[in-house]
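Structure, as structure tokens:
The values are calculated or read from the model by the stated rules, or taken from the named source; none is laboratory data. As the structure is a computational prediction, the values presented were derived from the model and not from experiment. Counting neighbours? That spans all protein chains shown, and the Cβs are built from the backbone with ideal geometry, glycine included.
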Amino acid sequence: MDDSRETFGPNAFVTGFPVRHSRSPLIHGYWLKKLGLRGSYRPYEVAPADFAAFMGSLKDQSSQFIGGNVTIPHKEMACRLADRPDELSQELGASNTLWLAEGKLHSTNTDGQGFTANLDARHPGWDKHDTVVILGAGGASRAVIQAVRDRGFREIHVVNRTAARAQELADRFGEKVHAHPMGALAEVMKGAGLFVNTTSLGMDGETAPAIDFLPLDENAVVTDIVYVPLKTSLLKQAEEQGFVIVDGLGMLLHQAVPGFEKWFGKRPVVDDELRALIVADM
Ligand code: ATR
């Protein structure tokens, strides 16, 4: 092992292009300090044309890194180029977490775990329903579909502006997943116990179109993966209509837990102080 690592602890990275907006260094920096561990976690910008070489260099004996996070636009390449992508990330075709073990580069995708851990922490019992409506059919939607399917939801309705993209996901994830155009939203919401927005609607304070949440089950939970602002216009509407809402910040925080544990050897806790730190940075 590299001497500097023994002296200073493991080094981890987050790579993306660009990467300066990533809040991951704040999250991991907070945990390293809180747990009193040696090690570092730094942003490392890699252009798409250089990403394959970067992945190769991680396996080099002299690499300074033990692993790291991968964000847009490298998640698909990371999954394809890892030696040992796990089943979760192979099904998604995208990885967000890498680690080296016995000279091999392993990868997984923790977005789905982040999604369920956030709901478990904020509203236990959120999963006692059969039917979920997911708005959007991009990368985030895939991770949510996988997570709710693996959690036991039996009717997964994906509603998307471009219906063909929703259909691709229905084909990919099997018989429990149904694709719908936007026009079918009110109909598929009838009696559903969970509503998830995975689109950018409402991001950065933009007003999302009016949505009537009343067809949902009266105990339904409405959640958003957008977390800037914390209470998106979509969540505000749902709250005004009497539904339990869960914001998306916890998904970001919880998806970071498995990586930290792999690189630094201790399982960190998502606490209110960490939440406040990220909110203060928004
Ligand atoms: P991500 O990987 O973050 O999920 P993405 O792959 O760009 O991002 O997907 C964005 C999702 O938000 C898509 O479902 C997109 O709908 P289309 O497939 O029709 O493009 C959805 N989206 C973005 N802006 C939208 C808008 N103004 N109205 C409705 N859906 C929107």
#### Entry: Single residue of A52, A47 found to be assigned by TED's automatic domain parsing to the domain that holds V269, closer than 26 Å to G103 by Cβ, loosely packed, with under 15 Cβ neighbours inside 10 Å and not basic (K, R)
A52
### Query
Out of the range 189-202, which residues are within 16 Å of the ligand (Cβ to nearest atom) and surrounded by fewer than 19 Cβ atoms within 10 Å (Cβ to Cβ)?
S200
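Condition test on D171, is it more than 14 Å from the ligand (Cβ to nearest atom), in a helix (DSSP H, G or I), assigned by TED's automatic domain parsing to the domain that holds W126 and among the charged types (D, E, K, R)? Spell out the reasoning first.
Working: more than 14 Å from the ligand (Cβ to nearest atom): yes; in a helix (DSSP H, G or I): yes; assigned by TED's automatic domain parsing to the domain that holds W126: yes; among the charged types (D, E, K, R): yes.
Answer is yes for this residue.
Among V177, V222, which is the only one that is surrounded by 17 or more Cβ atoms within 10 Å (Cβ to Cβ) and within 16 Å of the ligand (Cβ to nearest atom)?
Sole residue among the options that is surrounded by 17 or more Cβ atoms within 10 Å (Cβ to Cβ) and within 16 Å of the ligand (Cβ to nearest atom): V177.
Across the range 64-80, what is the number of residues that are more than 16 Å from the ligand (Cβ to nearest atom) and touching a strand residue (DSSP E or B) at 6+ places or on another chain (Cβ under 8 Å)? Before you say what the answer is, go through the steps one by one.
Filtering the range 64-80 for residues more than 16 Å from the ligand (Cβ to nearest atom) gives 64-68, 80.
Still in the list and also touching a strand residue (DSSP E or B) at 6+ places or on another chain (Cβ under 8 Å): 64-68.
Residues meeting the conditions: 5.
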## Note on the structure
Only unsatisfied item for G248, checking (1) closer than 30 Å to W31 by Cα; (2) touching a Ser or Thr at 6+ places or on another chain (Cβ under 8 Å); (3) exposed (fewer than 14 other Cβ atoms within 10 Å of the Cβ), is (3)
### Task
Check the range 147-163 and report whether any residue there is polar (S, T, N, Q), outside the structural domain of E87 (by TED's automatic domain parsing), farther than 24 Å from I211 by Cβ and modelled with pLDDT of 95 or more.
no
### Message
Given the criteria of a type in the set (D, E, K, R), modelled with pLDDT of 95 or more, in contact with a helix residue (DSSP H, G or I) (Cβ under 9 Å, 6 or more places away or on another chain) and part of a loop (DSSP other than H, G, I, E, B), does R267 qualify?
### Response
yes
